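Undergrad: I'd like to ask some things about the structure below.
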Amino acid sequence: MKFLQIDSFYPAYIQEMYAENPALASAGFSTQVATLLQGGCSLAHNVALMMPKHGYQASFNIPNAANAQAQGLRLAGLALSNPQAAFHETVLRQIDSIKPDILYLSDVLSLNSAFLRRLSWRPRLIIGWHAAPGVEQIDFSAFDVMVSSHAGCREAALRQGAAAVEPFAPGLPRDLADQVKNEPKLYDVIFSGQIGEIHRKRTEHLLTLVRAEALRKAGVSLGLFLVGKGPSELAAYVRPPVWGLEMYRTLRRARIVLNVHVDMAFGAPQNMRIFETLAVGSFLLTDHDGVHTPPFMPDQELGTFTSPDHMIEKILHYLRHTDERETIAQAGQRRCLAEHSMEHRAAWLDDIIQRHLACKTASTSSLGPVSQESSHRRGC
């Protein structure tokens with residue numbers, strides 16, 4: 001079966017990759033996409049790379065890579081000046097050209113149901129991924145399956161018209177650990193990620209971090225690799241944002257990687273930074289509300305805190321107790337690579353695909369369609 005995954009990358013990452021590789025813009029479409037993939041952006045989501053092991057003929061596209069898309073359009077004899085038109089047109093043409101059996105969209109904000117209704121080729125199964133704010137504004141009525149690591153997102157997707165939902169999570173290739181294992185420890189504590197209007201709790205914790213007199217007295221080194229503009233009080237510790245493999249190298253360079261979840265009405269401890277940090281073998285210290293169950297064991301595979309002041313206490317504790325910290329980091333890495341690898345995720349997604357294809361076959365051969373609720377209960 002043909003499998004096509006489509007995912008948008010961070011614009012800053014795309015710009016950096018072309019700046020570092022001046023000849024890339026004139027390369028062929030496939031070479032440009034392959035190079036952007038090799039840089040490691042969105043690595044935790046790129047399951048297409050593993051799907052051939054399960055018998056799929058897999059392809060990948062990055063629709064907001066404007067240079068690559070322009071090259072593809074030129075090859076097709078088209079020239080579109082409107083970037084948004086080019087964004088959608090290249091995707092439409094690729095789907096029509098490949099005619100995938102399975103279409104997996106990791107950018108459902110841009111490639112939503114309105115876009116899917118424009119397809120001239122209808123894949124046997126259309127799957128969408130989303131696990132972030134904004135799910136309540138997305139029309140999922142053209143999606144056969146919505147997958148997410150977030151139970152709240154799955155519930156919202158059903159309300160927004162998805163035919164079925166399934167739990168699914170990001171993963172990382174097992175060889176990532178070897179790629180970064182020799183990075184030196186340059187920082188005591190880092191945070192790498194976004195900051196903005198939907199990160200009020202995160203901002204509060206980062207302000208507590210830089211204000212902490214106990215950390216200054218202990219000579220704790222801090223690095224904030226921020227995407228977005230935070231309060232000026234953070235400026236002395238802010239470093240340029242990092243993307244792709246450089247982001248994983250940065251995580252490895254920290255004795256402690258801090259995680260504070262996004263502000264969501266149905267928050268849960270499940271963001272990608274958890275998996276990314278543990279996969280490279282660094283110690284993760286993450287917020288915990290005491291209600292939701294973390295995906296890894298507190299105090300055994302990662303560290304947790306319940307408030308900004310508690311975070312400072314935990315940082316000082318784990319910096320003073322190196323052996324304890326490294327034992328926890330190693331245990332977290334072992335479990336992450338054993339249970340949350342991209343190899344495991346590809347097998348999981350293949351199971352979802354096979355079950356839902358079987359359900360669609362069964363529903364079309366029955367006297368009537370399977371209802372949304374019964375389909376959801378049966379995992380169809």
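The values are calculated or read from the model by the stated rules, or taken from the named source; none is laboratory data. What you are looking at is a predicted structure, and each value in this text was computed from that prediction instead of being measured. Glycine gets a Cβ as well: all are built from the backbone with ideal geometry, and neighbour counts include every protein chain shown. With ligands, DNA and RNA removed, areas are computed over all heavy atoms of the protein, side chains included. Shrake-Rupley method; radii C 1.70, N 1.55, O 1.52, S 1.80 Å.
Undergrad: List pairs: first in the stretch 134-146 and on the phi > 0 side of the Ramachandran plot, second open to solvent by 30 Å² or more (accessible area, probe 1.4 Å) and of a type in the set (A, V, I, L, M), Cβ under 7 Å, 6+ apart or cross-chain?
TA: GLY134/LEU109
Undergrad: What are the pairs, 6+ residues apart or on separate chains, where a residue within the stretch 188-212 that is more than 19 Å from LEU284 (Cβ to Cβ) has its Cβ under 7 Å from a residue that is buried (at least 23 other Cβ atoms within 10 Å of the Cβ) and modelled with pLDDT of 95 or more?
TA: VAL210/LEU222
Undergrad: If HIS321 satisfies every condition in (1) at pLDDT 85 or above; (2) surrounded by 13 or more Cβ atoms within 10 Å (Cβ to Cβ) but one, which is the exception?
TA: (2)
Undergrad: Here is a check on your reading of the model: is ALA163 part of a loop (DSSP other than H, G, I, E, B) and open to solvent by less than 60 Å² (accessible area, probe 1.4 Å)? Walk me through it before giving the result.
TA: Values: part of a loop (DSSP other than H, G, I, E, B): yes; open to solvent by less than 60 Å² (accessible area, probe 1.4 Å): yes.
Yes; evaluated as a whole, the condition is true for this residue.
Undergrad: In addition: Answer yes or no as to whether GLN137 is surrounded by fewer than 24 Cβ atoms within 10 Å (Cβ to Cβ), more than 18 Å from the chain's Cα centre (by Cα) and modelled with pLDDT under 90. Spell out the reasoning first.
TA: Values: surrounded by fewer than 24 Cβ atoms within 10 Å (Cβ to Cβ): yes; more than 18 Å from the chain's Cα centre (by Cα): yes; modelled with pLDDT under 90: yes.
Answer is yes for this residue.
Undergrad: Look through ARG174, ARG118 and report the one residue that is within 26 Å of GLY39 (Cβ to Cβ), modelled with pLDDT under 95 and open to solvent by 50 Å² or more (accessible area, probe 1.4 Å).
TA: Residue meeting the stated conditions: ARG174.
Undergrad: For the stretch 209-288, please list each of the helices (runs of 4 or more DSSP H) lying entirely inside it that holds at least 1 residues being in contact with a strand residue (DSSP E or B) (Cβ under 7 Å, 6 or more places away or on another chain).
TA: By residue number, 244-252, 272-280.
Undergrad: Taking the conditions exactly as written (free of Cβ contacts under 8 Å to residues at least 60 places away in the same chain, surrounded by 19 or more Cβ atoms within 10 Å (Cβ to Cβ) and either touching a Cys at 6+ places or on another chain (Cβ under 7 Å) or farther than 21 Å from ARG249 by Cβ (or both)), does ASN61 satisfy them or not? Outline the logic, then answer.
TA: Details: free of Cβ contacts under 8 Å to residues at least 60 places away in the same chain: yes; surrounded by 19 or more Cβ atoms within 10 Å (Cβ to Cβ): yes; either touching a Cys at 6+ places or on another chain (Cβ under 7 Å) or farther than 21 Å from ARG249 by Cβ (or both): yes.
For ASN61, the condition - free of Cβ contacts under 8 Å to residues at least 60 places away in the same chain, surrounded by 19 or more Cβ atoms within 10 Å (Cβ to Cβ) and either touching a Cys at 6+ places or on another chain (Cβ under 7 Å) or farther than 21 Å from ARG249 by Cβ (or both) - is met.
Undergrad: If you don't mind, there's one more thing I want to ask. Could you check the stretch 1-78 for helices (runs of 4 or more DSSP H) lying wholly inside it with 3 or more residues that are under 23 Å from SER341 (Cα atoms)?
TA: Counting at least 3 such residues, we get 29-38.
Undergrad: Among SER282, SER307, which is surrounded by fewer than 18 Cβ atoms within 10 Å (Cβ to Cβ) and on the phi < 0 side of the Ramachandran plot? It would help to see each step written out before you state the result.
TA: Working: SER282 fails: surrounded by fewer than 18 Cβ atoms within 10 Å (Cβ to Cβ).
Selected residue: SER307, the only one of SER282, SER307 that is surrounded by fewer than 18 Cβ atoms within 10 Å (Cβ to Cβ) and on the phi < 0 side of the Ramachandran plot.
Undergrad: Residues ALA358, ALA346, ALA338, ALA329: which one is at pLDDT 85 or above, surrounded by fewer than 17 Cβ atoms within 10 Å (Cβ to Cβ), of a type in the set (Gly, Ala, Ser) and touching a helix residue (DSSP H, G or I) at 6+ places or on another chain (Cβ under 9 Å)?
TA: That would be ALA338, the only listed residue that is at pLDDT 85 or above, surrounded by fewer than 17 Cβ atoms within 10 Å (Cβ to Cβ), of a type in the set (Gly, Ala, Ser) and touching a helix residue (DSSP H, G or I) at 6+ places or on another chain (Cβ under 9 Å).
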